[in-house]
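Below: one structure, written as structure tokens.
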Amino acid sequence: MSSQKKVNSWARKRTSQDSSSYQTRLSAWRVKEDLNDSKSISECGQNNTVEDCEGADGQTENALQIALRYFEKGPIKTSQNKEKHLKTVENVAWKNGLAPEGIDILLSVALSGKFGSAVSTRIFKCMIPATLISEDSVVKAVSWLCAGKCSGSTKVLFYRWLVAMFDFIDHKEQINLLYGFFFASLQDDALCPYVCHLLYLLTKKENVLVLFQGMQPHLQALLSLYKFFVPTLISVSLPMKKKIYFKNSENLWQTALLALRSRNQGFPSEPLKLMLANVYPIKRKWNSHSIIPVLNSCNYSKESRKKRMNLSDYFSSNGSFPLEQLKSFPQLLQNIHCLELPSQMGAVLNSSLLLHYINCVRDESLLLRLYHWLSQTLQEECIWYKVNNYDHGKEFANFLDTILRAECFLQEGFYSCEAFLYKSLPLWDGLCCRSQFLQLVSWIPFSSFSEVKPLLFDHLSRLFFTSSIFFKCSVLQCLKELLQNWLLWLSMDVHVKSVRNSPLETTLGGSMNSVSELIHYVGWLSTTAVRLESNRTFLLHFILDFYEKVCDIYINYNLPLVVLFPPGVFYPVLLSLDSSILNQLCYIMDRYHKNLTAAKKNEIEFSFSSKTYQEFNQYLTAMVGCLWTSKPFQKGLYIDPEVLGNASVAEYKKSLNLVHHPAFLSYTVSFLLQECPEERKVNMSSIRGKKWNWYLDYLFSEGLHGLKHFIRSSIHRSSVP
Amino acid sequence: MDSYDAPELTPRQDASSRLKDFFIGATPLQKRLESVRKQTSFIPTPPRRKIPQGSQLQEDVDPQKFAVLLHKQWTLYSLTPLYKFSYTDFKEYSKLLTAFIAAEKKKGLAVEVGDDFNIKVIFSTLMGVKGTERDPEAFLVQILSKSQLPSEHKEGKVLWTGWFCCVFGDSLLETVSEDFTCLPLFLANGAETNTAIIGTWFQKTFDCYFRPLAISSFNLSWMAAMWTACKMDHYMATTEFLWSVPCSPHSLDISYAIHPEDAKALWDNVHKTPGEVTQEEVDLFMDCLYSHFHRHFKIHLSATRLVRVSTSVASAHTDGKIKILCPKYLIGVLAYLTELAVFQIE
């Protein structure tokens, strides 16, 4: 964070708002950004870690209370305990931050010097607020300073801490009353720079009473602010140039605060000790703690156009609305015409309000900046792009999570992510950041499938066929989400007739072609996967989940497309040994039926190829044959009787109906046992006539709703066998 | 495995409506994506390139300034287009950057723009370092240390130098709007900490992104061939190749030096198409070197990794370091490096 920008935001705040208790930077942190829409995306990935943390927290909380009590009471001559308690405090502080009460106690302990200056130093270093710091604690701390019990270095540390934590203090009125005290401390040479910085943050117009000699840059910075407020009181001539830097980047607490913030936003994070040990792990990152740039509105190039602007111009300029003050959606709406954009566009990823903004402002330059930044950062951070980069796996995964949250929030994929996939998918091992990477695939913006296929999907199929069943299922899941995103986008666009310059200015047919190509691609993957994994139920579920989306395209999305599953999927599912699979198939067939019927009614509007109807009827016949009439595969299927004889199912035709289908056998048996529980032998063929209807009701009561819908819509119950 | 057939059934099929058509007249962003698609689906490097010709520098070139660029080792970076960069604001930029560097170095204390620091940053254009008229002007940034005695008005010592250029960067220029300045190649000489500070400032100020630009063995062989092909009045250095054999605990380096005239003679034998270098020629040239080496030392260099190439024109290292020796071919060398940088940012 460049302090110079910070100064600007302070300056603006002074002019625009009188109350100094209202702190811009802090509130950006405190106001937990409500990315409701995006939550679901990260939930599954992070649940575990969150829970683990909470479990451990309960224990450490007690230990912390004991440690705090120990410190509060004062030193007892057992140094072993002291070390233990100090460790506890440090661990909790770095991990979760400290509550206001904890800070209150520790601040007094550190400044009372009871445990010596080494302990005070350690206490200061770990005094990381979890939420806020109470103003009273600070006032109390100042009174300890007056008691003069602590060393000079502790005082310096106190001021540095106070400056760093200034935003976390809940009120500033009382502290402001101590202005004179702080001012007097300026005489201490060691404290002077830090006190100046504190005063710089604290000063309000009424504080400016005294003029101070000396030309150190930090004094100059403070004095120039004095002079701005009450020019007549400052007789010293000051070079009135526009920029003052209070550099903060080496701030002791910065890393801890950033880590804490990212944790509070829900990212799992490394134990802090590790992070502190190597703040700059390798030189690949220039002077920044996180991948995503900090939100800063100040833009040099903009200023440089207003040549020779001096400090006072700077404070009074109110032409545009600074980002640092943007906190709510109504504010965004009011200032949308004069919003200062961030100097680094990548920063929008961390701000839901600005995501709203870029969503509605279709400014090409803005999008290009984001595009370049994102595609370069993705390539630079991608852990399988370069050798020896694997230590940063977690960081990269977090980065991808942030991008995905933004994409989910916008309900739209970034072009840079697509470009990144082109380059990185061929090199991917299928393991690294799997969940994130596949989610990126599911957010590929809608485009021509045949164009994207050689770049992406051919590589994906290679991985698909050579990986475990779990990978196959994740891929199917991600393709389902991709299909859903495309459908949503298309259905929106068809209605809205967007004015945007999008590839959707195509005819509907062209778009539907692309979607149907995607569905056929998944059909091809599924057919092969079913064979490779020998009809595993687990896999079939994922395949059918995909077709649950497919079968309802016409009704749910109002898009003229009905694509059926390939035979390689349909028949294995129909003959599956699992009743839930069969139930899902029935549900899907019922939905296909409804979609096709609805489409037929609007035939003038859309016409489907008659092949689709033929195919559907063929499937329907097969299903009715296998579930109802016991006449499966009347047409087009020949099995050598000898083979059937060997398998001792020469009478196979009667073995396939609701009673005999292997998927329903267990239901049949329980149904019959319900009737006569004592029976050792059950007579399955007894289920016919009235009993057949009872049996059906029994099946429905067991939750086979798909079957229920299918039978109601596709079978005339008059024909009970 | 089933063969994947494109489906033929679709509602209201319209043969003329290819999605591709909609990228015509599309936004810069879509153009970018298109160009990435093209790049990814075809072999990344064109099979033929021009041999650098003699000086293409324009008349108004300051030879003094070029001297700064030669005989120094530069670390290469690729750079995305600079947003709202202006050649007329160099004075302002030097002031801001000076203060930024001072602030970074004096961590924790305040500094003010315009203060007197013991360093000075100078921005200046490098007239003529470009391939076509469309290429934006290259520019140089230098950090000078100021003499401690105010009475002495001598120029201070150069602590760090970096320059930004674009030579034949047409493919990139086409895909950005006028708010951007495309200078995809950045070269730095000096302490890495300084490069980091200055890079950070540029990234924050012009919303651009620096990435170290490594040179693959494949591209090094191209350099070897193209630079050997250059006509020289007199050779300043031997032609030298360095191969690295990955073996533990320490990798083994094989250096292979040839008299530049011998290298040129070999090239002339390999070379067929006038004015151009083709992929076949590059392969053949390297193969000849390999077989010669194998005859004497029974080592297959083709199984190792080429890590450095030095010729009288320039020398390049795989980790992204380059030294340009011959002013005549400066532009030619930069054209190829620009191409690599543009490839990296696409």
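The values are calculated or read from the model by the stated rules, or taken from the named source; none is laboratory data. Only a predicted model underlies this, so the values are computations on that prediction, with no experimental measurement involved. Positions of Cβ are backbone-derived with ideal geometry, glycine not excepted, and every protein chain shown enters the neighbour counts.
Please go through region A:344-359 and pick out each residue that is touching a Pro at 6+ places or on another chain (Cβ under 6 Å) and more than 9 Å from every other protein chain (Cβ to nearest Cβ).
Step one: filter region A:344-359 for residues touching a Pro at 6+ places or on another chain (Cβ under 6 Å), giving A:344, A:346-347.
Across region A:344-359, the qualifying residue is only A:A347.
Can you tell me which residues in region B:198-222 are among the polar types (S, T, N, Q) and farther than 15 Å from B:A341 by Cβ?
So in region B:198-222, the residues among the polar types (S, T, N, Q) come out as B:200, B:203, B:205, B:216-217, B:219, B:221.
Across region B:198-222, the qualifying residues are B:T200, B:Q203, B:T205, B:S217, B:S221.
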- When region B:48-83 is checked residue by residue, the ones that are at pLDDT 90 or above and touching a Ser or Thr at 6+ places or on another chain (Cβ under 6 Å) are B:L82
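Which ones in region A:349-361 are within 14 Å of the chain's Cα centre (by Cα) and not polar (S, T, N, Q)? Please lay out each step first, then the result.
Residues of region A:349-361 within 14 Å of the chain's Cα centre (by Cα): A:349-352, A:355.
Of everything in region A:349-361, those that are within 14 Å of the chain's Cα centre (by Cα) and not polar (S, T, N, Q) turn out to be A:L349, A:L355.
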- Note on the structure: By residue number, the members of region B:256-310 that are surrounded by 14 or more Cβ atoms within 10 Å (Cβ to Cβ), small (G, A, S) and not in a helix (DSSP H, G or I) are B:S310
- Query: Can you name the number of the only condition in (1) free of Cβ contacts under 8 Å to residues at least 60 places away in the same chain; (2) out of contact with any His (no Cβ under 8 Å at 6 or more places or on another chain); (3) buried (at least 17 other Cβ atoms within 10 Å of the Cβ); (4) not small (G, A, S) that A:E135 fails?
  - Reply: (2)
- Task: Could you tell me whether A:V452 is among the β-branched types (V, I, T), under 22 Å from A:Y415 (Cα atoms) and either outside any helix (DSSP H, G or I) or modelled with pLDDT of 95 or more (or both)?
- Result: no
- Do we have any residue at all in region A:276-291 that's under 27 Å from the mean Cα position of the chain (by Cα), modelled with pLDDT under 65 and part of a helix (DSSP H, G or I)? yes
- For region A:514-550, what are the residues that are without any contact (Cβ under 8 Å) to a residue 60 or more places away in the chain and over 16 Å from A:Q477 (Cα atoms)? A:S516, A:R531, A:S534, A:N535
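Filter the helices (runs of 4 or more DSSP H) completely within region A:83-198 down to those with at least 2 residues that are closer than 20 Å to A:E61 by Cβ.
Because the criterion is at least 2 residues that are closer than 20 Å to A:E61 by Cβ, the helices (runs of 4 or more DSSP H) in region A:83-198 that meet it are A:100-112.
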- Note on the structure: B:L213: passes all of (1) under 15 Å from B:V313 (Cβ atoms); (2) in contact (Cβ under 8 Å) with a residue 24 or more places away in the chain; (3) of a type outside the set (S, T, Y) but (1)
- Note on the structure: Note on B:G128: of the conditions (1) touching a helix residue (DSSP H, G or I) at 6+ places or on another chain (Cβ under 6 Å); (2) closer than 19 Å to B:L69 by Cβ; (3) at pLDDT below 90, unmet is (1)
- Task: Among the helices (runs of 4 or more DSSP H) lying completely within region A:531-622, list those that include at least 3 residues that are hydrophobic (A, V, I, L, M, F, W, C) and not assigned by the TED database to the domain that holds A:V515.
- Result: A:579-601
- Task: Considering each residue of region A:589-614, count those that are acidic (D, E) and at pLDDT below 90, and give that number.
- Result: 2
- Could you tell me whether region A:414-425 includes any residue that is within 30 Å of A:A529 (Cβ to Cβ), outside the structural domain of A:L540 (by the TED database), in contact (Cβ under 8 Å) with a residue 24 or more places away in the chain and in contact with a His (Cβ under 6 Å, 6 or more places away or on another chain)? yes
- Note on the structure: Scanning region A:470-522 for residues that are β-branched (V, I, T) and modelled with pLDDT of 95 or more gives A:V475, A:I519, A:V522
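Out of all the residues in region A:383-422, which are at pLDDT below 85 and among the hydroxyl-bearing types (S, T, Y)? Give the steps one after another, and end with the answer.
So in region A:383-422, the residues at pLDDT below 85 come out as A:383-395.
Listed by number, the residues that qualify are A:Y385, A:Y390.
Please state which one of A:R369, A:R362, A:R405 is within 14 Å of chain B (Cβ to nearest Cβ), basic (K, R) and in a helix (DSSP H, G or I).
Values: A:R362 fails: in a helix (DSSP H, G or I); A:R405 fails: within 14 Å of chain B (Cβ to nearest Cβ).
Step by step, each of A:R369, A:R362, A:R405 is checked, and only A:R369 is within 14 Å of chain B (Cβ to nearest Cβ), basic (K, R) and in a helix (DSSP H, G or I).
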- Note on the structure: In the set B:A214, B:A237, the lone residue that is assigned to a loop (DSSP other than H, G, I, E, B), closer than 30 Å to B:E281 by Cα and out of contact with any strand residue (DSSP E or B) (no Cβ under 7 Å at 6 or more places or on another chain) is B:A214
- Can you work out which of the residues in region B:178-217 that are within 16 Å of the chain's Cα centre (by Cα) and over 24 Å from B:T88 (Cα atoms) is farthest from the other protein chains (Cβ to nearest Cβ)? B:N189
- Message: Against the conditions (1) under 22 Å from B:N189 (Cβ atoms); (2) assigned to a helix (DSSP H, G or I), where does B:A316 fall short? Just the number, please.
- Response: (2)
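For B:D170, state whether it is touching a helix residue (DSSP H, G or I) at 6+ places or on another chain (Cβ under 7 Å), among the acidic types (D, E) and assigned by the TED database to the domain that holds B:G131. Full working, then the answer.
On the way: touching a helix residue (DSSP H, G or I) at 6+ places or on another chain (Cβ under 7 Å): no; among the acidic types (D, E): yes; assigned by the TED database to the domain that holds B:G131: yes.
Taking the combined requirement at face value, the residue does not satisfy it.
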- Message: Which residue is nearest to A:D545 (Cα to Cα), if the candidates are limited to region A:508-520 and must be more than 7 Å from chain B (Cβ to nearest Cβ) and within 29 Å of the chain's Cα centre (by Cα)?
- Response: A:I519
